[in-house]
Amino acid sequence: MRIDISRVTAAAVSLVLLGLFTSGCGLRIPADPGGTLSEVSGGVLRVGVSPEPGLVTVTDRGPSGPLVELVEGFAERAQAEIEWSVHSEERLVGMLESDAIDLAIGGFTEHTPWADRAGVSRGYPGITGADGPVVVLVQLGENEFLTELETFLDEEVGS
């Protein structure tokens, strides 16, 4: 078997140049086309809440429960203030699509019917009050934000 070293060298040079070109363009993977993580970090995290027994309770004093506490911990890490919105799941998905919120929490599971309209986290079965794996929703394509959120959730409740 004969190896043409000039072809191997050309392929290696092409890969190096591609890496340099994309890094010079500011390409980041995972990416946030809408810039959610940048806007949230040191800013405001807009969270939509759908009440779910054992996970999210809403009273006159605002939302509470295990999912709310996790979001508060994530916001603290991101040095972000939280702006809460309480609505039905369907309304929250519409708000994600229109960029009115960054994150939706409630009784969303791995079998959520909203997977074609929102980014869905991995399932987290270790969340207190959950009957099974719970997911959270973000705007479609905001993968850098979702990765940061999942990293936090992995540390707090495991996967």
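Every read-out reported here was derived from the displayed coordinates using simple, explicitly stated rules and does not represent laboratory data. Just so it is clear, the model here is predicted, and its values are computed rather than measured. Cβ: placed from backbone, ideal geometry, glycine included. Neighbour counts: every protein chain shown.
Cα extents for the range 36-157 along the principal axes, largest to smallest and rounded to whole angstrom: 33, 31, 30.
Annotation: extensible slack from Arg91 through Asp154 equals 19.9 nm (criterion: 0.36 nm per residue apart, minus Cα-Cα distance).
For the range 36-157, what proportion of DSSP beta bridges, expressed in % and rounded to the nearest 5, is antiparallel? Intermediate values should be presented prior to the final figure.
On the way: 10 of 19 bridges.
Roughly 55 percent of the beta bridges in the range 36-157 run antiparallel, per DSSP.
Report the calculated FRET efficiency for Ala31 and Glu110 (r = Cβ-Cβ distance, R0 = 30 Å), to the nearest 0.05. The calculated FRET efficiency here is 0.80. Packing around the peptides 94-102, 136-144, taken as the average count of other Cβ atoms within 10 Å per residue, puts them in this order, highest first: 136-144, 94-102.
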